[in-house]
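I have placed the structure first, in the form of structure tokens, so that the comments after it can refer back to it.
The values are calculated or read from the model by the stated rules, or taken from the named source; none is laboratory data. This is a predicted model, so every value here is computed, not measured. Quick reminder, even Gly has a Cβ in these numbers, built from the backbone with ideal geometry, and neighbours come from all protein chains shown.
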Amino acid sequence: MPEILAESVRGSLSRLRAEILLNLSGRVLNRRSGDLYSSLTVRQIVNRDGLDIEVSAGGTSAPYAAVHEYGGRAGRRGASVIPRRPYILPALENETARLFSELADGISEALIYGRAR
């Protein structure tokens, strides 16, 4: 069943990734070095317990990812206050309803036909 659900949400994950990349390309933040932009990962993890969706950005190449999303202090001794400029959360909120709809369709189809579309 998790594999069937994974197939159902592929389109949503592609749209989610595209939406976040738009947010990182001038809609919310301006792209400078491209490190934050290229650090974005959107993936599904199928395991025996079900399906997980993981969205992450940052890492060693862009350690400032979280401060842009949530706001906070940055710089030497936290001298600069960075305002909250979420680029992931709005995309998740926009795509959530569609994602759940696609999941429901996938579950229904799996129960009725034993497979995905």
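Quick notes on this one:
- Conditions (1) among the aliphatic types (A, V, I, L, M); (2) at pLDDT below 95; (3) under 25 Å from S8 (Cα atoms); number of the one not met by L21: (2)
- Which listed residue is of a type in the set (G, A, S) and under 23 Å from R84 (Cβ atoms), from S56, S12: S56
- For the range 100-117, the set of residues classified as touching a residue at least 40 places away in the same chain (Cβ under 8 Å) and either surrounded by 12 or more Cβ atoms within 10 Å (Cβ to Cβ) or touching a strand residue (DSSP E or B) at 6+ places or on another chain (Cβ under 6 Å) (or both) consists of E102, L103, D105, G106, I107, E109, A110, A116, listed by residue number.
- Within the range 64-117, the residues that satisfy the criterion of being closer than 19 Å to D52 by Cα, modelled with pLDDT of 85 or more and β-branched (V, I, T) are I88, T96.
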